[in-house]
């Protein structure tokens, strides 16, 4: 019995020393690791973190960059139906996070000016009228295609649809030119 007692005591001491060693090892590992940092990250944030054994330092900036810019190179057609060639226009725009450009917020609060509204209305009216005229022209040409076997009816439909689309584009362009509007601004507003 005495021998079994010593065996169990030796086993208990071995287990106790092993536990103390494991706990000491875990504390040592915890002290050597860098801290876990949860930073709010978004589309317009930037930060730098300097971390070491003595601690860490964070430089965090929200809404960075505070002023953003967009540069566009636009080829604008000149003359009636673009016959007069084209002009290269460079457009540069700066905006902030108030959303005046991309959320229609900021000072204007998303409202269109009276001039832009008139331009959009005239473009819509011109497209509608041009679509009707184009469909009439396409329907006038359609009988030429109906005599073609198997695909004539399909080609006649294509002619009417092509007339509608071309008429809408031309009608909208003519109406905006008559009002003196910029077509690129109207396309951005839609």
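The values are calculated or read from the model by the stated rules, or taken from the named source; none is laboratory data. Source: prediction; values computed, not measured. Don't worry about glycine lacking a Cβ; one is built from the backbone with ideal geometry, like all the others, and counts go over all protein chains shown.
State which residue pairs qualify: first residue over 13 Å from residue 182 (Cα atoms) and inside the range 70-95, second residue surrounded by fewer than 10 Cβ atoms within 10 Å (Cβ to Cβ) and at pLDDT below 75 in any location, beta carbons under 7 Å apart, and separation of 6 or more residues or different chains.
94/67
Being under 30 Å from residue 175 (Cα atoms) and either part of a strand (DSSP E or B) or modelled with pLDDT under 80 (or both) is true for just one of 28, 76. Which residue is that?
So the residue among 28, 76 that is under 30 Å from residue 175 (Cα atoms) and either part of a strand (DSSP E or B) or modelled with pLDDT under 80 (or both) is 76.
Any idea which of 92, 100, 46 is surrounded by 10 or more Cβ atoms within 10 Å (Cβ to Cβ), modelled with pLDDT of 75 or more and outside the structural domain of residue 176 (by TED's automatic domain parsing)?
46
Failed condition for residue 156, given (1) modelled with pLDDT of 90 or more; (2) not in a helix (DSSP H, G or I), with all others met?
(2)
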